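Below is one structure, written out as structure tokens; the observations come after it.
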Amino acid sequence: MKKIISLILLFIICLGIVFCLQDIPFGAAKTKVGHYYIDNGREETGATNIVTSVVLNYRGFDTLGEVTILFLAAIGLGAVLATLKKKGKRQIEPASLILKTGCRFLFPLILLFGAYIFIHGHLTPGGGFQGGAIIASAFLLVYLGCRERKINEVANKITESIAGLVFIVMGLIGLTVGGHYFLSNFMPKGEINTLFSSGIIPIIYIAIGFKVGSELTGIIDNLMEKS
Amino acid sequence: MEFLSNYIYYIGAFGLIFIGLFIILVKHNLIKVIIGIGILDTGVNLFLIAVGYISKGTAPIFSKAGLDANNMVDPVPQALVLTSIVIGVAILALALSLAIRLYKHYGTLDLRKIKEQRW
Amino acid sequence: MVNPILLIVVPLGLAFALPIVNLISKKIIKYIPVLAFLFNLILSLLLIPKVLEQTIIVKIGGFHPPFGINLFVGPVGILFSTLIALAGFLVSIYALSYIKEGPKEKYHILYLLLLTGATGVVLTGDMFNLFVFFEILCISSYALVAYLGNKAGIESSIKYLIQGSVGSSLLLLGIGLLYGQLGTLNMADIANQINSISSPSIFVPMIFIITGLGIEAAIFPLNAWLPDAHSSAPSSISAILSGIAIEVGLYAVIRVIFTIFNASSFLMFFVFLGVLTLLIGEMSAFSQKNIKRMLAYSSIGQIGLIMFAISLNTQLGISAGFFQMISHTLGKGLLFLSVGFLIYKTGSMKISSFEGIGKKMPITSLLFTIGAFSIVGLPPFAGFASKFMIIKAALTTGQLLFTVLIGVILLGTVIEGAYFFKVIQSIYFKGTTDIIKRDEAPLIALISMSIFVLLIIFIGVYPDFIARILNSAASEFINRIDYIRSVLG
Amino acid sequence: MSLELLLIIAFSGAFLTYLSGKISSQLRDGVAVLISLGLVAIVSFLYNVQTETVFYQGFFGISLILRMNSLAWFFAIAIVSFTALCIIYSLSYMKDCERSNYYYFMMLLINASMLTIVLAGDLVTFFVAWEIMSWSTFLLISYNRNGALQAGIKYIVLSLIGSMCMLVGILSIYTSFGTVNIADVANHLTPSSVGYKLFLLIIFSITFGIKNAIMPLHTWLPDAYAESPSPFSAVLSGMLTRMGVFGFLLIMYVIVGMKTTLHLGRGFLSFNTILCWLGAITIVIPTFIAMLQNDAKKLLAWHGIGQGGYMIVGIAFGTSLGAAGGIFHTLNHATYIVLLFLSVGAIEYSTNGLRDLNSLGGLFKKMPIAFFGGLLGISGLIGVPLTNGFVSKWLIYKTLILGNAPFLAFAALLGTWGTVLSVYKFLHNLFLGQLPEEHKEIKKAPLTMQIPIVILSFTIILFGILPGLPLKVINSIIVAAGFQALDINIWGVTSETGTLNMLNIFAAIAVFGAIFWGIFKVARKSTPVDQYDNYAAGAAVPKNKYHYTVEYYAPFYRMGKPFLKDIFDMFYNRIAEAIGSICDSVRKIYTGYVGSYVMYIVLFIASLIFVQLTWSIF
């Protein structure tokens, strides 16, 4: 009965959306704002990856919010799981030697790859979030492979905080020096398509990379340890 | 057939959205409901990407010279999806942690039995 | 130069810095929210005269509005940000003595972020940015509802989360549909172009957006999370959720309806929905045994009243709605805060357990009583002035329908009065007559609650104090052309 | 002395009393008495002053006005004097009670708010003061705990309904005319339509009818009177309830205006005729219900309702004689009902809270002052010549007879018969008959309780013999309302169809009284016996076996009980229960199952889309 009602209701919503979608033809030419970004993005921000220029410059404030949400998730997760009583030492079956060695071997490589991704965020596909996620996966690998190892929570927290503060401070510097706009790209844009270009974007992306990496690691840590 | 090829992304996106909603509506298990939320999120993200797509377009990255700016897909939805994915992750993480705590309290994840807060 | 962006950035930065501060010293973290919102309060108050003269458009990153994100600091925005900062400041003072257990630094971070999200929602001029800040608001609420980690809190939190995330998905879907049609995310730009597209394809995204925002705003069929969440959260958070969060949600809804979609025909539906919300809320509250649940249902009722007032779509009606929001924030905030210590001392949320507490905690009980009087709308408290204005607004329209609906609303008020007075009777006139040892709430909490009381009485006696800003706020909603012009230039 | 200052003294006095109570209770008593007597002095100095001042403009820019005229002064002096007497009375009555600071604070706050009501020159001030009065009264009604809680809720709910009606009325006036100044409103209202006037009259009548306890709206009153502390019951019945009469005067004769109010409507269905009939019903039924009461205060409470009917009949009948009678009756009623409540209070005080008529009796010798107070009180209530009740009732009867309203007159008379029967029960069961054993040794009522009783007894006689004193003020009130002036002299009223001259009546009664006293003295044959010197069928009656006061009027009780139920009260209770159960079922929609919550959300969207796609109304 409930299923039938649900289906009927969803069908009605579906009809409404179909009516609406008639006005949004699939695969049509770009819309106003997008067009502007593609045309002017390189000159205004100095990034070849237009998505990055949108994420960090045109809509940088959204990204600040986004970073905040991830931070929020990490803190919220901690708050929810904090009062959980830890069970006694969990019986951990040590991993095999091959797995351990593999982990040890892969761990720095993954970190390096993650760093590469977020450092080159303004040039190639990728960026802070992707790179951060890759870094976090390295820590997850350690958790899975070398089970007795733990991350240094204090260091993790400090990284997280400082990375967040860097973002804010960069924005505030923009507010004071760069034409009095928050998050304005006050640094020299450099030569397009080189590593040291596009002003504050790489700096912020590095900060985001660290922040996302440490936050996701924190989440993994919390979920592994407290449950 | 042409219709399908024209609208396949929309159909896929809304298919996911409705599957997600349907799961949330009819399933009793909390984990399944959380999976439903995940599917719903994914559907919305897919829809956003589909909105920005143009036929046979390339990624909006000027990685090498000679790329046609008119043939690039809209970068805005991609930026939005980036944000939306992060939000989805945050919600899922929080939901799972809550599910863990809830299981500790109730010993079940059947939402029909978790009804202490009502009326 | 005072830049309104600091209203968002400073609390955010402090929230990011809090984990480090916690490592240095665990004692000072609880003062950080106080400082942050004191700063916000001062900044907002400084900005008010400037904003009333001319709206401030903050371009973030220096990009011109349709291409970059902008903040729209108009009378409404500054009114709300002042209110948020004020409530945040007072509640954080209260929390100095109230939050004693749990991971405290996480509480303070979440609290800061909750109110930052709220400030962002009211100030932003970009649709997607609205969504982002809305999510900050929602996710921090989910976490804070579960903060105590008890059965009720976790259960309410997960239910809230499920409904909230469905809502946010719908909201994002609506934004996506809108973007697909108009190719822009800036609110003013959307508003500018909205007349160019056909009505069914604008209606569907509007419904999705309104529903998504309406879940947080506790509009009637979407508000099932509210009684659970507000009653299970720590009382300081309940005060913020009831006083700020749902009102910010409602702000977002009406901003969407008025400014973006200009859907005045939809407002007629909202009038009825408002009355329905009010009745459902008050009737559900009527026979509650649990005090916090009762207050939560009463918030639903108040939201209905605000919806009704604003949906009248007149200058007077909208400013009356804002006035009611202010008086609700103050009144309900005070009620939740005072109830927090009543519950703390009796160890139970049952109304019956408060019998005779009037002797044990006379000041806290008095504060509760004043809050209740204000919410019911008795003079000389703020609730009366706002209710006066709402009825005046409804009668000024001269339509018989609104007069009849006002009758229904006043019936709801009578029900509200009945259950509040029952609680007051239990507090003062039930239980033993023996002399009980005084066991008052801590001084710092009493001070913060007393400021609420002073404001309630001051605004109730001298409503003209905020009349100007309310009027400008209402004009901002009525004149959407001005909004568009001031953003797009 | 400006009116603002008067009100500032009144309100700040209340707070000052509360604060001084924190220091010492003697100080508080002193401050309370000082404030209340001071108010009496100030108000009496304001006699014959006519002023109007704007005192505040911060409330949405509305000019809030205080105004003094004869109507306001008449009520103001009554309010402050009765409250002062009750405060003095309370000094010993409330001595050992808990929360006495709170009690005095609320008494003075109610006093101040009533004062503001009568001095209000605009409707917003009126409403604000009205509401302050309502909630502070609620807080004081609930003071006695237990049964008082129910009474308090009943009171405040009805009161809220009333004030919401009034709020709508006031705001409708404000939005129509842009002013709330009573005088201006009266001017603006003259040319407006009959329907609008009728709407205003009805909506305000609900408010004032609830406060004045007109018959279908009276249900809060008996419990509230009975459960309050006695001095407050006195204020409640004497003045607070009669704010309803003030309100009726205001809306009928000041705002809407005398000429339009009378015969607004068609024939029998005119507004004031219906009000008259409601008044008549209010006279008759409660008086007979009162007869069946066994709680002394409840008995008085029902009389309070009944006497309110006389005032309404007098005012609503709409002749100068009637209006004067109604207003005068308000004052007289206050005098004797306050006196009666204070007497009952004295008994309560002496017998540790007993007020059950079945278990008391024979207190005449123990408490002579209370007895004389009670005696004069009931005489006033009945309307025995030489008491003030006689004069006002005479005016009302005369109005009804002259106005060709025999049925109303009969109802008024019937009410008096009922009153005679029931108050005799009151007097007998309290003071006459046998003294129960356990009351042999009772506390003596202290001086501060006796002084108000004596003063009030004196006032009853004074106004009974010299009705011209208050009637002079009343005359100016009715003249201001647009009625013809009455020909008043110090002894009574002159009119073409018959003159009331208390001097003649006084002389006649004095002569007859002297004769009867002489006969009684000369022909006296009785011998006093001890209380327990009783015999039945030759055997000594065991103590406490035959107690005269138990089941007084038992046959009548059996006859009347099926008919004299308070059906309205039952009706309201039924409604309240129904609303309660509806409310209870409404909240069941919050089932606790999150799937259904999401279903609501989806349903909301789907139905809106469905409506839009089908009819496209948005």
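If you go through the range C:26-57 one residue at a time, how many are part of a helix (DSSP H, G or I) and open to solvent by less than 80 Å² (accessible area, probe 1.4 Å)?
Within the range C:26-57, residues that are part of a helix (DSSP H, G or I) and open to solvent by less than 80 Å² (accessible area, probe 1.4 Å) number 18.
Please enumerate the residues belonging to the range C:1-20 that are under 11 Å from C:ILE109 (Cα atoms) and either at the interface with chain A (Cβ under 9 Å from one of its Cβ atoms) or aliphatic (A, V, I, L, M) (or both).
As a first pass, look at the range C:1-20 and keep what is under 11 Å from C:ILE109 (Cα atoms): C:11-19.
The answer is C:LEU12, C:GLY13, C:LEU14, C:ALA15, C:PHE16, C:ALA17, C:LEU18, C:PRO19.
Kindly indicate the residue of the range D:358-398 that is open to solvent by 30 Å² or more (accessible area, probe 1.4 Å) and among the aromatic types (Phe, Trp, Tyr) and also farthest from D:TRP417 (Cα to Cα) among those meeting that condition.
Looking at the filtered set, the residue picked out is D:PHE364.
Which of the residues that make up the range B:5-37 are open to solvent by 70 Å² or more (accessible area, probe 1.4 Å), without any contact (Cβ under 8 Å) to a residue 24 or more places away in the chain and hydrophobic (A, V, I, L, M, F, W, C)?
Matches in the range B:5-37: B:ILE8, B:ILE11, B:ILE35.
Are any of the residues in the range C:194-207 crowded, with 24+ Cβ neighbours inside 10 Å, within 25 Å of C:ALA87 (Cβ to Cβ) and either touching a Phe, Trp or Tyr at 6+ places or on another chain (Cβ under 8 Å) or touching a residue at least 24 places away in the same chain (Cβ under 8 Å) (or both)?
Taking every residue of the range C:194-207 in turn, none turns out to be crowded, with 24+ Cβ neighbours inside 10 Å, within 25 Å of C:ALA87 (Cβ to Cβ) and either touching a Phe, Trp or Tyr at 6+ places or on another chain (Cβ under 8 Å) or touching a residue at least 24 places away in the same chain (Cβ under 8 Å) (or both).
Would you check which residues across the range C:90-142 are of a type in the set (Lys, Arg) and either under 18 Å from the mean Cα position of the chain (by Cα) or assigned to a loop (DSSP other than H, G, I, E, B) (or both) and list them?
C:LYS100
I'm trying to understand the selection: among the residues of the range A:189-214, which are farther than 17 Å from C:GLY61 by Cβ and modelled with pLDDT of 90 or more?
Answer for the range A:189-214, where residues must be farther than 17 Å from C:GLY61 by Cβ and modelled with pLDDT of 90 or more: A:ILE206, A:GLY209, A:PHE210, A:LYS211, A:VAL212, A:GLY213, A:SER214.
Looking at (1) crowded, with 24+ Cβ neighbours inside 10 Å; (2) over 17 Å from the mean Cα position of the chain (by Cα); (3) farther than 23 Å from C:SER97 by Cα, which one does C:GLN324 not meet, given that it meets all the others?
(2)
So, in the range B:80-119, of the ones that are in contact (Cβ under 8 Å) with a residue 60 or more places away in the chain and within 30 Å of A:LEU56 (Cβ to Cβ), which residue ends up surrounded by the most Cβ atoms within 10 Å (Cβ to Cβ)?
The residue in question is B:ALA95.
Name the one entry in C:LEU115, C:LEU110 that is out of contact with any Lys or Arg (no Cβ under 6 Å at 6 or more places or on another chain) and under 30 Å from C:ILE260 (Cα atoms). Write out each step before concluding.
Details: C:LEU110 fails: under 30 Å from C:ILE260 (Cα atoms).
Being out of contact with any Lys or Arg (no Cβ under 6 Å at 6 or more places or on another chain) and under 30 Å from C:ILE260 (Cα atoms) holds for just one of C:LEU115, C:LEU110, which is C:LEU115.
Just one of the numbered conditions (1) open to solvent by 20 Å² or more (accessible area, probe 1.4 Å); (2) at pLDDT 90 or above is not true of D:ASN146; which one?
Only one criterion is unmet by D:ASN146, namely (2).
Given the range A:40-137, what helices (runs of 4 or more DSSP H) lie entirely inside it while holding 3 or more residues that are within 14 Å of chain C (Cβ to nearest Cβ) and surrounded by 24 or more Cβ atoms within 10 Å (Cβ to Cβ)?
Because the criterion is at least 3 residues that are within 14 Å of chain C (Cβ to nearest Cβ) and surrounded by 24 or more Cβ atoms within 10 Å (Cβ to Cβ), the helices (runs of 4 or more DSSP H) in the range A:40-137 that meet it are A:50-53, A:60-82.
Looking at the structure I just gave you, is C:ILE469 in a helix (DSSP H, G or I) and more than 22 Å from the chain's Cα centre (by Cα)?
Criteria not met by C:ILE469.
How many residues, within the range A:141-172, are open to solvent by 50 Å² or more (accessible area, probe 1.4 Å) and over 25 Å from C:ILE20 (Cβ atoms)?
Selection size over the range A:141-172: 3.
Is it fair to say A:LYS87 is modelled with pLDDT of 85 or more and out of contact with any Asp or Glu (no Cβ under 9 Å at 6 or more places or on another chain)?
no
Is it fair to say C:ILE175 is of a type in the set (Val, Ile, Thr), at pLDDT below 90 and in contact with a helix residue (DSSP H, G or I) (Cβ under 8 Å, 6 or more places away or on another chain)?
The answer is no for C:ILE175.
Take C:ILE435 and decide whether it is more than 7 Å from every other protein chain (Cβ to nearest Cβ), at pLDDT below 90 and farther than 19 Å from D:MET166 by Cα. Explain how you work it out, then say what you get.
Working: more than 7 Å from every other protein chain (Cβ to nearest Cβ): yes; at pLDDT below 90: yes; farther than 19 Å from D:MET166 by Cα: yes.
When the stated conditions are applied, C:ILE435 passes them.
Which residues, taken from the range D:433-480, are open to solvent by 20 Å² or more (accessible area, probe 1.4 Å) and of a type in the set (A, V, I, L, M)?
D:ILE442, D:LEU447, D:ILE451, D:VAL454, D:ILE455, D:ILE461, D:LEU462, D:ILE465, D:LEU466, D:LEU469, D:VAL479, D:ALA480
Can you work out which of the residues in the range C:370-386 that are at pLDDT 90 or above and open to solvent by 10 Å² or more (accessible area, probe 1.4 Å) is farthest from C:ALA467 (Cα to Cα)?
That would be C:ILE370.
Look through D:THR448, D:THR459, D:THR416 and report the one residue that is touching a Lys or Arg at 6+ places or on another chain (Cβ under 8 Å), at pLDDT 85 or above and in a helix (DSSP H, G or I).
Answer to the selection: D:THR416.
From B:ILE17, B:ILE8, which residue is in contact with a helix residue (DSSP H, G or I) (Cβ under 8 Å, 6 or more places away or on another chain) and either of a type in the set (A, V, I, L, M) or closer than 26 Å to C:ILE158 by Cα (or both)?
Every option except B:ILE17 fails the conditions.
Residues in the range A:9-31: is at least one within 9 Å of chain C (Cβ to nearest Cβ) and within 28 Å of the chain's Cα centre (by Cα)?
So far as the range A:9-31 goes, yes, one or more of its residues are within 9 Å of chain C (Cβ to nearest Cβ) and within 28 Å of the chain's Cα centre (by Cα).
Does D:LEU331 qualify as being in contact (Cβ under 8 Å) with a residue 60 or more places away in the chain and open to solvent by 10 Å² or more (accessible area, probe 1.4 Å)?
So D:LEU331 fits the description; yes.
Return the total of residues in the range D:211-232 being open to solvent by less than 10 Å² (accessible area, probe 1.4 Å), closer than 27 Å to D:ARG574 by Cα and part of a helix (DSSP H, G or I).
Selection size over the range D:211-232: 7.
Answer yes or no: is there a residue in the range C:409-419 that is out of contact with any Gly (no Cβ under 9 Å at 6 or more places or on another chain), away from chain D (no Cβ under 14 Å) and part of a helix (DSSP H, G or I).
No, every residue in the range C:409-419 fails to be out of contact with any Gly (no Cβ under 9 Å at 6 or more places or on another chain), away from chain D (no Cβ under 14 Å) and part of a helix (DSSP H, G or I).
Considering the range C:208-231 alone, what residues qualify as being more than 8 Å from chain D (Cβ to nearest Cβ) and open to solvent by 10 Å² or more (accessible area, probe 1.4 Å)?
Passing the criteria: only C:PHE220.
Where in the range D:504-617 are there helices (runs of 4 or more DSSP H), lying fully within it, with 1 or more residues that are open to solvent by less than 50 Å² (accessible area, probe 1.4 Å) and either within 14 Å of chain B (Cβ to nearest Cβ) or of a type in the set (D, E, K, R) (or both)? Spell out how you get there, then give the answer.
On the way: elements: D:554-560, D:567-586, D:594-615.
Result: D:567-586, D:594-615.
Can you name every residue in the range A:157-170 that is within 15 Å of A:ILE75 (Cβ to Cβ) and more than 16 Å from the chain's Cα centre (by Cα)?
Across the range A:157-170, the qualifying residues are A:LYS157, A:ILE158.
Of the residues C:GLY340, C:GLY317, only one is within 25 Å of C:GLY88 (Cβ to Cβ) and open to solvent by less than 10 Å² (accessible area, probe 1.4 Å); which? Please lay out each step first, then the result.
Working: C:GLY317 fails: within 25 Å of C:GLY88 (Cβ to Cβ).
Residue meeting the stated conditions: C:GLY340.
The values are calculated or read from the model by the stated rules, or taken from the named source; none is laboratory data. Note that the structure is a prediction, hence the values are computed from the model and not measured. Cβ: placed from backbone, ideal geometry, glycine included. Neighbour counts: every protein chain shown. We work out accessible area using only protein heavy atoms, side chains counted, and drop any ligands, DNA or RNA first. Shrake-Rupley method; radii C 1.70, N 1.55, O 1.52, S 1.80 Å.
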